[in-house]
Amino acid sequence: MDIPSESIGSIPRSPELLAALAAHESGQLGDVDCREIASLAVKETIQSLEAAGEQVVTDGEQTKSSAWTYPIAGADNLTADGVVIPYADGHQRQLPCLTAGPFRYRTNAAQYLQTAKQYTNAPVKQAVATPSLMSLLYPPSGIDGYAREAFIQDVLNEAEKDVRACLDAGAHKVQLDFEEARLSLKLDPSGGVLNDFAELNIQLLQRFTEKDRARIGVYCGPGADQDSTHSLDIDYADLLPQLFRLQAGTFYLSLASEPDPDRALKVIADQLRPGIRVFVGVTDPNDPRVETAEEVRDRVLRAARYVAVDQLGTCDDAGFSPAADDQSTSRQVAFAKVRARVEGTKQAAEVLGRS
């Protein structure tokens, strides 16, 4: 397939894995047994993605606490009263808040990558948290003896180690999950927070060579949790110029859920630099209906009217359970949507003479 297609990351976890994690949390299941069940879940997820036709696989984030908090899960210098993320349906998620320094990752994403690589010969993509997201953990009131400037340097150092470890471990692509970009414009319409976020992530990418950056991608979307979004009402035109300042080799952008995809595609085409590939969303994880391959094909063909085929790829609008929401969408529906994306992209490639 000459038009590449990739998942964003997370897949809903099975009831068996969820039961095992709950039993482990309550002390009814030991570490070894829990790890064995989790590893089997990763294996089954990868096999199911391959069976659906996926050429680049992920571990489905089966063992992450969440896409946002995996680096600091279990840390003893956090409280639960951090930044609140409001969703359109009224529910909220809340980040933790740092109480003392220094800031350090407890878990690096490379461990997930290394587990996944045991179960496949296919290329494996690994999603990682951005420094901009981690910057939200610092309290507005500050921390005695730990200035924000020192915290930001620690964040950048830890994020660099996270990305570099994944590259060194053989990741096909390291995906920076910059979901907070669009949200920032909802929380601060002036764009000041978005500019600060972009600058942090630019500083991270500057620590890598051009060759490394070719293997680093940036994902941005309006959120996907309990079939709701946090920032779909924010205009892409206000976001994309800042987003494309990041010197990454690939961008993954939601599109299937956009109310005016043609307008979004025009902005993408205006901002896209030569040599960059943009993966556009052709399936919507928040929509319980499984798209047909023909619908996906038509979405790809529409995107190809604006973006050169050599710079085009397809993806889902988001992960299927990025906030550890394993109930809104079933595994079966998630894999069905993956199959539709892969098959529809293949059909579009045939129409465009790319296969």
Could you run through segment 85-137 and say how many residues are charged (D, E, K, R) and within 30 Å of Asp233 (Cβ to Cβ)? 3
I'm trying to understand the selection: among the residues of segment 309-334, which are crowded, with 20+ Cβ neighbours inside 10 Å and among the β-branched types (Val, Ile, Thr)? Thr314, Thr329
If I ask for residues that are small (Gly, Ala, Ser) and surrounded by fewer than 15 Cβ atoms within 10 Å (Cβ to Cβ), which ones from segment 18-72 would you list? Ala19, Ala22, Ser26, Gly27, Gly30, Ala51
If the Cβ limit is 6 Å and pairs must be 6+ apart or interchain, which residue in segment 145-174 that is among the acidic types (Asp, Glu) pairs with which residue that is not in a helix (DSSP H, G or I)? Asp154/Pro102; Asp154/Phe103; Glu158/Tyr105; Glu160/Arg207; Asp162/Asn108; Asp162/Ala109; Asp162/Val128
Note on segment 278-308: residues crowded, with 19+ Cβ neighbours inside 10 Å, among the charged types (D, E, K, R) and outside any loop (DSSP other than H, G, I, E, B) are Arg297, Arg299
Could you tell me whether segment 190-201 includes any residue that is modelled with pLDDT of 95 or more, of a type in the set (S, T, N, Q) and buried (at least 17 other Cβ atoms within 10 Å of the Cβ)? yes
Before we move on, is Thr229 on the phi < 0 side of the Ramachandran plot, at pLDDT below 95 and polar (S, T, N, Q)? yes
Which one of Ser65, Ser5, Ser39 is of a type in the set (S, T, N, Q), more than 30 Å from Cys97 (Cα to Cα), touching a residue at least 24 places away in the same chain (Cβ under 8 Å) and out of contact with any strand residue (DSSP E or B) (no Cβ under 9 Å at 6 or more places or on another chain)? Ser39
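Within the group Thr120, Thr63, which residue is at pLDDT below 95, part of a loop (DSSP other than H, G, I, E, B) and over 21 Å from Pro222 (Cβ atoms)?
On the way: Thr120 fails: at pLDDT below 95.
Result: Thr63 is the single residue among Thr120, Thr63 that is at pLDDT below 95, part of a loop (DSSP other than H, G, I, E, B) and over 21 Å from Pro222 (Cβ atoms).
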Count - residues of segment 83-100 that are assigned to a loop (DSSP other than H, G, I, E, B), touching a strand residue (DSSP E or B) at 6+ places or on another chain (Cβ under 6 Å) and crowded, with 17+ Cβ neighbours inside 10 Å: 2
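The values are calculated or read from the model by the stated rules, or taken from the named source; none is laboratory data. Predicted model only: the values in this text are computed from it and were never measured. Note that we place each Cβ from the backbone using ideal geometry, even for glycine, and neighbour counts take in every protein chain shown.
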